[in-house]
Amino acid sequence: MVKVDCIALPDVQYSEALAARLAACLTAPLVLTFSGEIGAGKTTFIRAMLRALGVKSAIKSPTFSLLESYQCQYLQVHHFDLYRIHDETELEYIGFRDYFLTDAICCIEWPERAGQSLGHVDINFAFTIEGSGRLLTLTATTAAGELILSCLAGKQ
């Protein structure tokens, strides 16, 4: 079961609006991965999603801390940035796998660096830079992921 959608994101405001729509569709537990080159909009998208979920405090990029956790209105969200990970065994030091045992949403930037430490993924968000905009390819690989994409498309 794989569902793929492609969405053109002409500017950052459109991306942030889509992230807010996504936030309204989220239920835990979920594993969301975000791929794309540096500057493609991964952190911006996650930050907008967290704002829409009600986070009022500063939303820092976890590039150096590897992980930032947020208690939202009704959800716990863990935001990982694995850019600085060179070997998946490094993830053991932050208890990476333990975060997936909770009823939370895990958002992972640079998921390819997790290797075998990353189990199932509900939706991958792949950002591609196209001129001044972005192309977002969403790939749902689970029933939960498909439900989220259907909600995002307004079919639920």
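The values are calculated or read from the model by the stated rules, or taken from the named source; none is laboratory data. These numbers come from a predicted model, not from an experiment. Quick reminder, even Gly has a Cβ in these numbers, built from the backbone with ideal geometry, and neighbours come from all protein chains shown.
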Fill in: Residue count, the range 28-42 (criterion: more than 8 Å from the chain's Cα centre (by Cα), in a strand (DSSP E or B) and either buried (at least 23 other Cβ atoms within 10 Å of the Cβ) or not aliphatic (A, V, I, L, M) (or both))
1
Worksheet entry | Options A17, A48: the member that is modelled with pLDDT of 90 or more, loosely packed, with under 15 Cβ neighbours inside 10 Å, part of a helix (DSSP H, G or I) and of a type outside the set (K, R) | A17
Worksheet item: Does the range 88-95 contain at least one residue that is surrounded by 19 or more Cβ atoms within 10 Å (Cβ to Cβ), out of contact with any Cys (no Cβ under 8 Å at 6 or more places or on another chain) and closer than 16 Å to G36 by Cα?
Response: no
Worksheet item: Hey, any hits in the range 84-102 for a residue that's outside any helix (DSSP H, G or I), in contact with a strand residue (DSSP E or B) (Cβ under 9 Å, 6 or more places away or on another chain) and modelled with pLDDT of 90 or more?
Response: no
Worksheet item: Just wondering, is there one or more residues in the range 13-29 that are at positive phi and not basic (K, R)?
Response: no
Fill in: Count - residues of the range 56-78 that are surrounded by 15 or more Cβ atoms within 10 Å (Cβ to Cβ) and closer than 23 Å to D11 by Cα
2
Worksheet item: Looking at the range 116-125, is at least one residue out of contact with any strand residue (DSSP E or B) (no Cβ under 9 Å at 6 or more places or on another chain) and farther than 19 Å from V4 by Cβ?
Response: yes
